[in-house]
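Visitor: Next up is a structure, given as structure tokens.
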Amino acid sequence: MFWDNIFEGLLVLTVGMTGVLSVLFLFYLIIEGVNKLEIFLVEKQKNKAERAKTIIESENEDDLVAILTAAASVTLSSKIRIKQIRFIKSQPVSPWATLGRMNLISSHNIQKNQ
Amino acid sequence: MFEHLMRFVEQMGFWSIGYPQLIMFAISGILMYLAIVKGFEPLLLLPISFGAILANLPNSGLLVAPVIEMINGEPVFHEAGGLYYWISKGIKLEIFPPLIFLGIGAMTDFGPLLSNPKTFLLGAAAQLGVFAAFIFAVALGFTFKEAASIGIIGGADGPTAIYLTSKLAPHLLGPIAVAAYSYMALVPLIQPPIMKLLTTDTERKVVMEPPKKVSKRVKILFPIIVMVFSILVVPPTAPLIAMLMGGNLLRESGVVERLAKMASNELINIVTFFLGTAVGITMAAESFLRLQTIFIIILGVIAFGMSTVGGVLMGKIMYRLTGGKVNPLIGSAGVSAVPMAARVSHNVGLEYNKHNYLLMHAMGPNVAGVIGSAIAAGILLAIFK
């Protein structure tokens, strides 16, 4: 009886430790895979951003200024002078932020030049 | 008048107090001393010792069951039942330990584990004590269910020990909870000699590479992945793992700060008090003062020691396999006892190299140990429930 119980205990030890090790080893593999995927995605995003930067830099700057000036002029329906152009980080912008930015732009030197 | 006075005097508890109760008051006093003066796990030992005093005050009626009669299909309460009859339902109905896990999840940063997922294996190996103590308990004549409940002390995780014991051997809840929390507080005394015995000077001096940064996306995916796979592989572990990972998701999502704060502050504080006192109230003299309790206390040390051995040995294997990049001392942190076990690894490492900061490396196996002990409990439940 005693040795039967000990034998049963050894079986539980074997099954239990194999079970715990297997489950946590599975997590190790999954997290390792997720980490690798994350590195791949970050690299891809970085490459994409770098490519976009190269495209913008390689554009004809005068053409870009002309296009943006025309677009601003049409949007604000008035004669304007562009003093500075800078890139705003591309993020989804709410309509309220856009409206606020347009109000801010139209409240500056634009009135003076009309 | 005299009759009323006699009745009043007769119902006093003094007449029912005997030596067993006095011994239990002394034990409660020692636990309270350890909690208040020595600062040993005061969050749990203080409520447990308070509950133990309550449990041994005669005629308090705190655990009296309600008297309910069904009249026309409706329950009518003749006696409402004692306060702790109802509060203890939090353990019996498996509510308190999972809620504690929700709070632990909301407080735990799994970043160190995710930056070095290999340390999952250390958390797994440190469950050796759970199953080794099981064999010793069986050898001492405990039933399989009792032995499983005693073995889980080696997981060094109080809520898991209470959860498993309440399901497999509720009559041993008091001694097992006291042993689990006492030994968790004694980790700085139990672990270092074993760690030093099993490692060489060169191994102890290994300086590990700084942990890599983990992205928010991985931190959010982690609790979902662990929950899904744990419950699929070991379904009985669902209440603990689901709450642990749910709490962590609240934390890492970053969009429900209020809920995360609630889980890691108010909720866990309230539940800790009720859980502690509800465990303490099971420590009535007639159920606690037995030879079994002494065996449980001894088996608890064996469980803790063997878990430390398992973690350190796995650390040594990883040291060999990685060409000396892993310090085996972090293996001992694979027993849960967060963050005490990680601090012990760090402090022992500092003794041999004053510039070796192992704390963050040890936190990986430490939090893996929390998951490991819940999985071990799930396996024992699957086998014996």
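Visitor: Pick out the one residue from B:Thr165, B:Thr160 that is part of a helix (DSSP H, G or I), more than 9 Å from every other protein chain (Cβ to nearest Cβ), without any contact (Cβ under 8 Å) to a residue 24 or more places away in the chain and polar (S, T, N, Q).
Guide: After ruling out the rest, the residue left standing is B:Thr165.
Visitor: If we only count helices (runs of 4 or more DSSP H) wholly inside the stretch B:216-322, which ones have 2 or more residues that are within 30 Å of A:Leu37 (Cβ to Cβ)?
Guide: B:216-233, B:238-253, B:257-262, B:291-321
Visitor: Now for a separate question. Out of all the residues in the stretch B:119-143, which are facing another protein chain (nearest Cβ under 8 Å) and either of a type outside the set (A, V, I, L, M, F, W, C) or within 23 Å of A:Val23 (Cα to Cα) (or both)?
Guide: B:Phe120, B:Leu121, B:Gly123, B:Ala124, B:Ala125, B:Gln127, B:Leu128, B:Val130, B:Phe131, B:Ala132, B:Phe134, B:Ile135
Visitor: Out of the residues in the stretch B:348-371 that are out of contact with any Asp or Glu (no Cβ under 9 Å at 6 or more places or on another chain) and within 13 Å of chain A (Cβ to nearest Cβ), which is farthest from B:Thr165 (Cα to Cα)?
Guide: The qualifying residue farthest from B:Thr165 (Cα to Cα) is B:Gly364.
Visitor: Need the failing condition index for B:Gly90 against (1) in a helix (DSSP H, G or I); (2) over 30 Å from B:Met340 (Cα atoms); (3) under 32 Å from the mean Cα position of the chain (by Cα), just the number.
Guide: (2)
Visitor: What do you reckon, is B:Val64 closer than 30 Å to B:Asn269 by Cα, out of contact with any His (no Cβ under 7 Å at 6 or more places or on another chain) and at pLDDT below 90?
Guide: So B:Val64 fits the description; yes.
Visitor: Considering only the stretch B:258-281, state which residues are of a type outside the set (A, V, I, L, M), farther than 16 Å from B:Glu94 by Cα and buried (at least 23 other Cβ atoms within 10 Å of the Cβ).
Guide: B:Gly280
Visitor: Does B:Val326 meet the test of being in contact (Cβ under 8 Å) with a residue 24 or more places away in the chain, closer than 18 Å to B:Lys205 by Cβ and crowded, with 24+ Cβ neighbours inside 10 Å?
Guide: yes
Visitor: Let me ask something additional. Quick check, is A:Glu57 modelled with pLDDT of 80 or more and in a helix (DSSP H, G or I)?
Guide: no
Visitor: What about A:Arg81, is it in a helix (DSSP H, G or I) and at pLDDT 80 or above?
Guide: So A:Arg81 does not fit the description; no.
Visitor: Which residue, of B:Gly324, B:Gly315, is within 17 Å of B:Met195 (Cβ to Cβ) and of a type outside the set (A, V, I, L, M, F, W, C)?
Guide: Matching residue, one of B:Gly324, B:Gly315: B:Gly315.
Visitor: For A:Ser77, state whether it is out of contact with any Cys (no Cβ under 9 Å at 6 or more places or on another chain), more than 9 Å from chain B (Cβ to nearest Cβ), surrounded by 12 or more Cβ atoms within 10 Å (Cβ to Cβ) and more than 30 Å from B:Pro365 (Cβ to Cβ).
Guide: So A:Ser77 does not fit the description; no.
Visitor: Quick check: anything in the stretch A:1-21 within 14 Å of chain B (Cβ to nearest Cβ), under 23 Å from B:Phe120 (Cβ atoms) and loosely packed, with under 14 Cβ neighbours inside 10 Å?
Guide: Within the stretch A:1-21, one or more residues are within 14 Å of chain B (Cβ to nearest Cβ), under 23 Å from B:Phe120 (Cβ atoms) and loosely packed, with under 14 Cβ neighbours inside 10 Å.
Visitor: Just for the stretch B:212-232: of the residues that are surrounded by fewer than 17 Cβ atoms within 10 Å (Cβ to Cβ) and touching a residue at least 60 places away in the same chain (Cβ under 8 Å), which one is farthest from the other protein chains (Cβ to nearest Cβ)?
Guide: B:Lys213
Visitor: Pick out the one residue from B:Lys261, B:Lys316, B:Lys212, B:Lys219 that is over 30 Å from A:Gly16 (Cβ atoms) and more than 24 Å from the chain's Cα centre (by Cα).
Guide: B:Lys212
Visitor: Just wondering, is there one or more residues in the stretch B:249-257 that are within 14 Å of chain A (Cβ to nearest Cβ) and surrounded by 14 or more Cβ atoms within 10 Å (Cβ to Cβ)?
Guide: Yes: the stretch B:249-257 contains one or more residues that are within 14 Å of chain A (Cβ to nearest Cβ) and surrounded by 14 or more Cβ atoms within 10 Å (Cβ to Cβ).
The values are calculated or read from the model by the stated rules, or taken from the named source; none is laboratory data. Since the model is a prediction, treat every value here as computed from it, not as a measurement. Counting neighbours? That spans all protein chains shown, and the Cβs are built from the backbone with ideal geometry, glycine included.
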